[in-house]
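Taking it in order: structure first as structure tokens, then the write-up.
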Amino acid sequence: MGAETGLVMDADEMRRAITRIAHEILEKNKGAQNLALVGIMRRGAPIADRLADLIERVEGIRPLTGRLDIALYRDDYPERRPPVGRTEVPFDLSGKRIVLVDEVIYTGRTTNAAITALFDLGRPAAIQLAVLLDRGHRELPIRPDYVGKNVATSRGQYVDCRLAEIDGEDAVYILAEPPEPSGQEQPCATS
Amino acid sequence: MRDLLSIRETDTDQIHQVLQTAVGFNEILKRPVKKVPTLRGRSVITLFYESSTRTRTSFELAAKYMSADAVNIAVAQSSVSKGESLKDTLKTLEALTADCIVIRHPSSGAAHLAAQFTSVPVINAGDGRHEHPTQALLDALTIWQHKVVGAEDDTYPVALRPDKPFDLAHLTVAIVGDLAHSRVARSNAWCLSRLGATVRWAGPRTLLPAEAHQLPVTVCDDLESALTGADVVMVLRLQTERQESGLLPSLREYSRLWGVTHTSLRWAKPDVLVMHPGPMNRGVEISAEVADGVGGVRSTVEQQVTNGVAVRMACLYLLMGGSGE
Amino acid sequence: MRLVLANARILDPSQNIDRFGDLVIEDGKIAGVVAAHSADGDEVRDCSGLLVTPGLIDIHVHLREPGFEYKEDIESGTRAAAAGGFTAVCCMPNTSPSIDSTAVVRQIIERAAEVGCARVYPIGALTRNMQGDQLCEIADLKAAGACAISDDAFPIQNAETMRRGMEYCAQLGMTLMTHNEDQALTRGGAMNEGRTATMMGLPGIPRVAEDIAVARNVLLSELTGCRLHLLHISSGRTVDILRKAKMRRIPVTGETAPHYWALTDSACEGYNTNAKMNPPIRTAEDNRLIIEGLVDGTIDIIATDHAPHAPYEKEREFDQAPFGILGLETSFAVSYTTLVLPGKLELPDLIRKMTIAGAQVVGIPGGTLAEGAVADVAVFDLAAQWTARAAEGRSKSRNTPFDGMTVTGKTCFTLLGGRVVEV
């Protein structure tokens, strides 16, 4: 049985969850030294930026941030190729403690692709995973280190995570139908 | 997009999509480990009926950087030289489970013919004097990097104008030389005009195809009118056998009337970009000084090579999208 | 044996007949046209609503036998002819061996008598082996049964050779049918020179290559008095040259074929080798001028230039594929649909150009329903709509550019010497 459809996280809840995760990251890594936050495109990236802001406020040091596009690392072959975004990791990963940031974890395949992508860029000292929402149904032995909220869903349901930076609001909904695309579409992601 | 056979049959959105994707791949080409697993377990066959080290290598590297297996069928070593028809060759390659076929052929339309005989995506790597679509796409990318992004190394996010990121409407591109026999000139005319640029064609009448003015180009009768105010000059290679076949009185006169030199470039904009699809005949269609970038004229040769790989990676990525199941 | 085609529209331009009635055929010969439902016979075929004309005559086909039977042979080619309403065809000499000897002329005539679904009149070659230098023994060819002489497919480039050929033909009273092409201007060409060829990157065949050769041949005809027949006119300018030549009373006639007015060179788009022709299919402007020539009588004849090629020969790179397309099975329907239905040409004019006009040019019997004539007859249903399907043709080959075109006017059957031809 899945969760009821509808709002599962509002803006306040999201703010508190991200704040808590920021503190947990600092606690687990004993500060912000040598720390880098890498958001998985697209919605992981703004969350990583918010975490970096919070950490900077607490520690006075801003962790490095980057964004990772994993279109080229997906192990499924959709009928139409997803548009290739830009990976921007403007620092050397080697020896860094990397926190991968994504909005939702589901099967674990995205995370797996992201880990592969990171290793193509360098050899980090450690990789951790932060997600806003864990909706279950893992297909791989992957476990997030930091979770904003656990939500039981059924496989047929959709999670629509909306962020102010992209969608104009902070909220997470469980839907019975796929969400309408929102926010600024990737340029040229046409036909 | 099922195949990439010509730019004429590729709509503007698809051109944007390839360029957009290629920009993403340019980043990968700057990495120490230039490899992504995207096309692992898939095979790309390059079927070249004409020799071309550069284009073939570019496609092979593009395939390999994406973890595909690239196999080259060199015509001289294959049954093609024994007179096997293109249809039979294609059927054999399909049976060998090729996932994409890249074809270069001296006959115009050979890629279209190949696409009729196979369900596998076909990429035209140059057919006769018809088209060379990936060359035009990489030329467009190079022009965009110089004239829109402004940086020679591409580190610029694509979101310049999110609605029309590769708009070249402010540019005039002059294509000079043997237009009748040039597939590059045709592909570029379609590609650049679809991106909004004004395209001029200039060359001797004997090397101009019939009713060229019916293509999206302005035909110029002398070099000055072609170069005046041009942002980009694309110089075509002159095959020296054109003189032997009676299309030109002499290379000397050709060079005097149509050769791109520092003197003739004074008609163009000061920041003119000079491009050549190579290999160059120095002293014929282009002076040695311009070819070597002497005097501040920007040369794009190396950048074009990198963009060539990126564009071809993008084409392979977009065409080999389906699961094949 | 008395056969009656009853209650039909009977159209015979050779006698200016266009009326409803019964066509009576006795012992293989036309006995006359009488009032509808007034005739009795051993067999009465109700032809209500149908059109009865003299059997169509195509003076320009390639039957490919001997030598290229994998493309077509006399049996399959004449079967296609009958299916298209034709009862007589003249076959071009570019066979292997070419029709440059009495032996080949006789062989074709004998073979056609044996297996033909239509009458076959061989056209002799102008030069030996069609090489363009030494003249054939044209008097012998004529004696053996050749109806005319032609250089089709291998146009004579040397004006001197052409002059001597015309002089020789003139003396023998043979019509010379010329393929008009200055090959210095067409070398390497694959389709009409123009916008489409430029976009497709194909070397062009300019109109002027045809016009120059036509002008030369017309002037040589004037010089020698040779009866000249211009094959497959594709260029609008050529129509004009022909018109002026006729005004000067030069003994010249001209033919075109349906693809030269019903299609443009955009039919080659997608590298469709089934639209690859020489002379090439040209432009809308040429279409217009050719129709004008048909309407004002400048162009006397509609032929087909039926030129079969095996699928594997056409499934090739465009510049490597052979020139030529099929025509026999679609000619009448395409002509009726594109000329008569839109009101450009009267039906009697169309039938004239497809029957008696050709017979007169090459001096063969047929093309008439006159009393006593051999009963070669065609019957059409002008109301029938159908879609041309290359795969369903009687020809051995499939190279038609009209594949998939919906047309009006269907052959019901033909009579050859008063007997229904089985197709």
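Over the protein assembly as shown, dividing the summed -39,500 (n - 2.57) contributions of all DSSP H runs of at least 4 residues by the number of residues returns a 222 nm mean residue ellipticity of -9000 deg cm²/dmol. Cβ-to-Cβ counts within 10 Å put C:Ser14, C:Ser76, B:Ser225, C:Ser48 in ascending order as C:Ser48, B:Ser225, C:Ser14, C:Ser76, the fewest first.
DSSP finds beta bridges in the protein assembly as shown, and of those with both partners inside it, around 30 percent are antiparallel. Taking amide H as placed 1.01 Å from N in the peptide plane, A:Val99 has its amide H under 5 Å from the amide H of A:Ala36, A:Leu37, A:Val38, A:Gln128, each at least 5 places away in sequence or on another chain. Taken about its Cα centre, segment B:133-300 carries a charge dipole of roughly 180 debye when the Cβ of each Lys and Arg holds +1 and the Cβ of each Asp and Glu holds -1. Beta-bridge orientation, chain C: approximately 50 percent antiparallel, per DSSP, counting only bridges with both partners inside. Around the Cα centre of segment C:55-362, unit charges on the Cβ atoms of Lys, Arg, Asp and Glu (plus for the first two, minus for the last two) sum to a dipole of about 660 debye.
Each of A:Val131, C:Val105 has some number of other Cβ atoms within 10 Å of its Cβ, and from fewest to most they run C:Val105, A:Val131. Both the radius of gyration and Dmax for segment B:133-300 are 15.4, 50 Å, in that order, over alpha-carbon atoms. Summing Cβ point charges (Lys, Arg +1; Asp, Glu -1) relative to the Cα centre of the protein assembly as shown gives a dipole of roughly 1820 debye. Across chain A, Cα-Cα pairs more than 24 Å apart make up 37 percent of the total. Rg over Rh for the protein assembly as shown works out to 1.11, using Cα positions for both radii and the Kirkwood form for Rh. Measuring nothing but how far apart in sequence close Cα pairs (under 8 Å, 6+ apart) lie, relative to its length, segment B:133-300 scores a relative contact order of 21 percent. In a fully extended conformation the segment linking A:Glu169 and A:Ile61 would gain 36.1 nm over its present Cα-Cα distance, using 0.36 nm per residue.
Put in line by how crowded their Cβ is, counting other Cβ atoms within 10 Å and starting with the fewest, B:Trp144, B:Trp201, C:Trp386 read C:Trp386, B:Trp144, B:Trp201. Angle, helix B:86-95 long axis vs. longest principal axis of chain B, Cα atoms, 0 to 90°, nearest 10? Helix B:86-95 sits roughly 50 degrees off the main axis of chain B. Hey, with R₀ at 22 Å, roughly what FRET efficiency would C:Val423 and C:Ser48 work out to, going by the Cβ-Cβ distance, to 0.05? My answer for the efficiency is 0.50.
For chain B, the direction-averaged projected area of the alpha-carbon convex hull comes to 16.6 nm². Here the calculated FRET efficiency for C:Arg243 and C:Ser38, from their Cβ-Cβ distance with R0 = 51 Å, stands at 0.70, rounded to the nearest 0.05.
Scanning chain A for DSSP H helices at least 20 Å long along the axis (C-alpha atoms) with a Kyte-Doolittle mean no lower than -0.5 picks out A:44-59. Distances between every pair of Cα atoms in segment C:55-362, grouped in 20 Å steps from 0 to the bin holding the largest one, split as 36, 61, 2 percent.
Under a 5 Å amide H cut-off, with hydrogens placed 1.01 Å from N, C:Val44 pairs with C:Val4 among residues at least 5 apart or on other chains. Other residues whose C-beta falls under 14 angstrom from the C-beta of B:Ala63 contribute a net charge of +4, scoring Lys and Arg +1 and Asp and Glu -1.
Placing a pseudo-label 7 Å from each Cα along the Cα-to-Cβ vector at A:Ala125 and C:Ser96 gives an inter-label distance of 8.1 nm. When you restrict to C-alpha pairs under 8 Å that are six or more residues apart and normalise by the size of chain C, the relative contact order lands at 20 percent. Comparing segment C:330-419 with the 2.2 N^0.38 Å rule of thumb, its C-alpha radius of gyration ratio is 1.19 (two decimals). Residues whose amide H lies under 5 Å from that of B:Trp201, counting only those 5 or more places away or on a different chain, are B:Ile175, B:Thr218, B:Val219, B:Cys220; hydrogens are built 1.01 Å from N in the peptide plane. Using the alpha carbons alone, the radius of gyration of segment C:123-264 stands to its Kirkwood radius in an Rg to Rh ratio of 0.99. Set the Förster radius R0 to 45 Å, insert the Cβ-Cβ distance between C:Glu69 and B:Thr53 as r into 1/(1 + (r/R0)^6), and round the FRET efficiency to 0.05. Plugging the Cβ-Cβ distance into 1/(1 + (r/R0)^6) gives 0.45. Structural descriptor for chain B: relative contact order 20 percent, calculated from alpha carbon pairs under 8 angstrom and at least 6 residues apart. Span-like helix criteria (full DSSP H runs; alpha carbon extent of at least 24 Å along the helix axis; mean Kyte-Doolittle hydropathy of at least -1.0) are satisfied in chain C by C:207-224.
Any read-out appearing in this document is the output of simple, stated calculations on the displayed coordinates, not a laboratory observation. Just so we're clear, the structure is a prediction, and the values are computed from it rather than from any experiment. Here the Cβ is made from the backbone with ideal geometry for all residues, glycine too, and neighbour counts use every protein chain on show.
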